[in-house]
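So the structure is just underneath, and the comments pick up after that.
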Amino acid sequence: MTEPRLIVVQGSYRQMGQQLGERTADLIDRSLTTYVGRFHDDAGLSDADIDRWGRVYLDVAESYVPEIAAMLHGMADGSGHPAHRLAALNARTEMLYGTGYRDEGCTSVSVLPRYTADGHTLLAQNWDWHPEQAEVTFLLATRDETGFSVLSLTEAGMLAKSGLNSAGLGVCANLLISDRDHGGRGVPYHYLLRGALQAKTMSVAHRRLLPVERISSGNVLLADAGGESIDFELAPGVFGVLLPEQGLITHSNHFQAALPLQDKKAATSALTLLRPVRARHLLEPALEERRVRVADVVATLRDEWSFPDGICRHPDPDLPESEHFSTVYSLVMDLTDRVLWIAPGPPSRHPYTRWELDRLFDGKPAPRTEFVPEEAAVA
């Protein structure tokens, strides 16, 4: 597996969407083919159903964050696919509600600046999913006409996963499932992620996540360069809050707050009940000395305890290939310096490359390779 492709777009949100559609049209074709097939086969949705619900979610985007709708319309212009089909793709989890389809899992951490060696806010995540999904995943950098910019990992046809913005705010995402999840009209989870990344302040990010009609569950870990972090466990109609303990928040794929719901993932997501605890144990020595470095976070994300299902996840050789899950990408963000490091999975076997948000829009930015695994360095 190689480092992800970088797509850089600038201009109005419709212009950026069009540039994105043009440059990733082949990948969008693949994503739509995959998920429209699943809509048909797994959810029993006809083409008319897909188009009807796609139009609903496109309308939701217009009222939720208009920049999202503008990018979807632009991406339609550039890729040749209808905007409502792209909206359906961004609502794939909600479209497939009840079919058993869910992203497998992730582990996220945030460290407050009072506990880091250089006084910077750190935010990080391993994204675990089907290994082949790396082929249609890339880094998307956007800069609008005001100079506001976002750098996010994303899948073709979609607008965000985890990432950071030029205001120093960062977002990490973790799958959650509850008995409150349902289909219908509401704000899809991937819209929530892009909505938070479009926020220039923590307070605006809260408003993008909390007082909205949610139809699925999901976790969003927020941190900012100002030195604060908060975790929201979101479900339809309710939400829970986790705050830092000894400068650290860790999260995986189960609800940790006491909420009036039934957790539908805690018993089945690989080692979710221990991954946050393991991450805390690994970082505790550096936390106690208030000297957490990026290298300490990288070492935590590379941890292979309880192989193959630990924080750094590997495909299970005892399972058929169709059921393989692994860490697809690993990200570490310095929100103070607006820097993102990313490694293909499993990160224990690959180096991280360093990208500076402020330098992505002038010429051809070159990533710097860092945190090379020892075996690779020796070779």
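Things to note:
- Taken together, A48, A61 contain a single residue that is in contact with a Leu (Cβ under 7 Å, 6 or more places away or on another chain), farther than 30 Å from D309 by Cα and part of a helix (DSSP H, G or I), which is A61.
- Top-ranked residue of region 202-216 - restricted to ones that are in a loop (DSSP other than H, G, I, E, B) and open to solvent by 10 Å² or more (accessible area, probe 1.4 Å), ranked as nearest to D179 (Cα to Cα): S216
- One residue alone among T99, T93 is at pLDDT below 90, open to solvent by 10 Å² or more (accessible area, probe 1.4 Å) and part of a helix (DSSP H, G or I), and that residue is T93.
- Yes/no for A199 being among the hydrophobic types (A, V, I, L, M, F, W, C), within 24 Å of G119 (Cα to Cα) and assigned to a loop (DSSP other than H, G, I, E, B): yes
- Within region 340-364, the only residue that satisfies the criterion of being in contact with a Phe, Trp or Tyr (Cβ under 7 Å, 6 or more places away or on another chain), assigned to a loop (DSSP other than H, G, I, E, B) and open to solvent by 40 Å² or more (accessible area, probe 1.4 Å) is P351.
- Hey, L287 in a loop (DSSP other than H, G, I, E, B) and surrounded by 14 or more Cβ atoms within 10 Å (Cβ to Cβ) or not: no
- For region 310-330, filtered to residues that are open to solvent by less than 10 Å² (accessible area, probe 1.4 Å) and not in a loop (DSSP other than H, G, I, E, B), the residue that is nearest to R280 (Cα to Cα) is S330.
- For region 132-144, the count of residues that are open to solvent by 10 Å² or more (accessible area, probe 1.4 Å) and among the aromatic types (F, W, Y) is zero.
- Filtered residues of region 218-233 (kept if in contact (Cβ under 8 Å) with a residue 40 or more places away in the chain and surrounded by fewer than 21 Cβ atoms within 10 Å (Cβ to Cβ)): A225, G226, G227, E228
The values are calculated or read from the model by the stated rules, or taken from the named source; none is laboratory data. Quantities reported herein were computed from a predicted structural model and do not represent experimental measurements. Every residue, glycine as well, gets a Cβ built from its backbone with ideal geometry; the counts of neighbours run over all protein chains shown. Surface areas here come from the heavy atoms of the whole protein model, side chains and all, with no ligands, DNA or RNA. Shrake-Rupley method; radii C 1.70, N 1.55, O 1.52, S 1.80 Å.
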